[in-house]
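Novice: Once you've had a glance at the structure underneath, I'll fire off some questions.
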Amino acid sequence: FTTGMEIHSISEVPGNSGLGSSGAFVVCLLTLLNSMSKREQTRIEVAEAASVIEMVELKKSCGKQDHYAAALGGIVTMEIDPSGRITVEDLNLDRETNRRLQQSLLIYHTGEYREADGLLSRQTKMLREGNPQARDRMREIKEIGYRAKAMLLAGDLDGFGRSLDEHWQLKRAIHGEMSNPRLDEIYQAAMAAGCLGGKIIGAGGGGFFLFYVPPERQLAFGAQMKAMKLEKMYWTFNFAGCEVVFAN
């Protein structure tokens, strides 16, 4: 670019909340710059370039999944090999399964913020140093991922919801900063109010809780969350991924 430019970023969610906002920002920025300079890149190329910028050049502790999810959209699984190469598979769930899943997944802000970089750095250090308990739990979380995929493809959404609880119990046991007394209180109240499972989205320690609640239990569940002064986030699945809305 030979001239200056002014770029505005508008977000509906706060930073440091575990929703992958930094990854989404870099993906969108690259897509914008490609559009302005008439440079063509596939979405995979944009996602990979965004991950290099954030993880290598800026030395941030995060994962490639944020950049790929933002670039591609949809409900996908990602296989990441030891070299960092990603294989993406679109689950192609049928319309009714998508509708039921959307209806049953509720997101609430915990009211707490945290810096994910430090927490993820400490978690990575534990794994690289060969902490056996941390490694075992991460392997179990991986296996839960495979089972969760099978449940979604089979339409067993309640089973998928319960797998979130398994995931969260393992994750919070990896490092003491994953949860705290307030987050534990919220989760226990959620389970008592009809939630089948849930987890903190992202690194843990604050941000947003994702809960799986069958529709028939959501009235009582919502009342409980409101009593705890938690703010519900309204959202929908995005199947388009990052896209240019208007260009001249």
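Novice: In region 138-170, how many are open to solvent by 20 Å² or more (accessible area, probe 1.4 Å), more than 16 Å from residue 75 (Cα to Cα) and within 19 Å of the chain's Cα centre (by Cα)?
Specialist: 12
Novice: Continuing with the same structure: For residue 25, all conditions in the list (1) open to solvent by 80 Å² or more (accessible area, probe 1.4 Å); (2) part of a loop (DSSP other than H, G, I, E, B) hold save one; what is the number of the exception?
Specialist: Among (1) open to solvent by 80 Å² or more (accessible area, probe 1.4 Å); (2) part of a loop (DSSP other than H, G, I, E, B), residue 25 violates only (2).
Novice: Which number in (1) closer than 13 Å to residue 88 by Cβ; (2) crowded, with 16+ Cβ neighbours inside 10 Å; (3) without any contact (Cβ under 8 Å) to a residue 60 or more places away in the chain marks the one condition that residue 50 misses?
Specialist: That leaves (1) as the condition not met.
Novice: Picking from 176, 202, 198, which residue would you name as being of a type in the set (Gly, Ala, Ser) and within 15 Å of residue 225 (Cα to Cα)?
Specialist: On the way: 176 fails: within 15 Å of residue 225 (Cα to Cα); 202 fails: within 15 Å of residue 225 (Cα to Cα).
Unique residue meeting the criteria: 198.
Conditions (1) among the polar types (S, T, N, Q); (2) modelled with pLDDT under 90; (3) within 30 Å of residue 95 (Cα to Cα); (4) touching a helix residue (DSSP H, G or I) at 6+ places or on another chain (Cβ under 8 Å), marked per residue:
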residue	(1), (2), (3), (4)
138	no, yes, no, yes
143	no, no, yes, no
146	no, no, yes, no
157	no, no, yes, yes
166	no, no, yes, yes
205	no, yes, no, yes
214	no, no, yes, yes
218	yes, no, yes, no
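Novice: I would also like to ask the following. Quick one: in region 181-220, which of the residues that are of a type in the set (A, V, I, L, M) and either assigned to a strand (DSSP E or B) or on the phi > 0 side of the Ramachandran plot (or both) is surrounded by the most Cβ atoms within 10 Å (Cβ to Cβ)?
Specialist: 200
Novice: If you don't mind, there's one more thing I want to ask. Which pairs turn up if I take residues in region 173-189 that are at pLDDT below 90 and look for partners that are surrounded by fewer than 19 Cβ atoms within 10 Å (Cβ to Cβ) and not in a helix (DSSP H, G or I) with beta carbon separation below 8 Å, at least 6 apart in sequence or on another chain?
Specialist: Correct list of pairs: 180/112.
Novice: Where residues in region 53-71 are small (Gly, Ala, Ser) and open to solvent by less than 40 Å² (accessible area, probe 1.4 Å), which of them is nearest to residue 11 (Cα to Cα)? Spell out the reasoning first.
Specialist: Applying the first criterion (small (Gly, Ala, Ser)) to region 53-71 yields 61, 63, 69-71.
Among the residues that remain, those that are also open to solvent by less than 40 Å² (accessible area, probe 1.4 Å) are: 61, 63, 70-71.
Values: 61: 22, 63: 21, 70: 14, 71: 16 Å.
If we take residues in region 53-71 being small (Gly, Ala, Ser) and open to solvent by less than 40 Å² (accessible area, probe 1.4 Å), then 70 is nearest to residue 11 (Cα to Cα).
Novice: If you don't mind, another one. For region 56-110, which fully contained strands (runs of 3 or more DSSP E) count at least 3 residues that are out of contact with any Lys or Arg (no Cβ under 9 Å at 6 or more places or on another chain)?
Specialist: 86-90
Novice: A further question follows. From the set of residues in region 233-248 that are under 22 Å from residue 94 (Cβ atoms) and either assigned to a helix (DSSP H, G or I) or touching a helix residue (DSSP H, G or I) at 6+ places or on another chain (Cβ under 8 Å) (or both), which is least open to solvent (accessible area, probe 1.4 Å)? It would help to see each step written out before you state the result.
Specialist: Step one: of region 233-248, the residues under 22 Å from residue 94 (Cβ atoms) are 235-241.
Right, trim to either assigned to a helix (DSSP H, G or I) or touching a helix residue (DSSP H, G or I) at 6+ places or on another chain (Cβ under 8 Å) (or both) and you get 236-237, 241.
Working: 236: 106, 237: 52, 241: 12 Å².
Filtering region 233-248 for residues that are under 22 Å from residue 94 (Cβ atoms) and either assigned to a helix (DSSP H, G or I) or touching a helix residue (DSSP H, G or I) at 6+ places or on another chain (Cβ under 8 Å) (or both), the one least open to solvent (accessible area, probe 1.4 Å) comes out as 241.
Novice: Further question: Could you check residue 230 against (1) open to solvent by less than 40 Å² (accessible area, probe 1.4 Å); (2) farther than 18 Å from residue 109 by Cα; (3) not acidic (Asp, Glu) and say which number it fails?
Specialist: Result: residue 230 fails condition (2) only.
The values are calculated or read from the model by the stated rules, or taken from the named source; none is laboratory data. Remember, predicted model here, so these are calculated numbers, not experimental data. Here Cβ is always computed from backbone atoms with ideal geometry, including for glycine, and neighbour counts include all displayed protein chains. Accessible surface areas use protein heavy atoms only, side chains included; no ligands, DNA or RNA. Shrake-Rupley method; radii C 1.70, N 1.55, O 1.52, S 1.80 Å.
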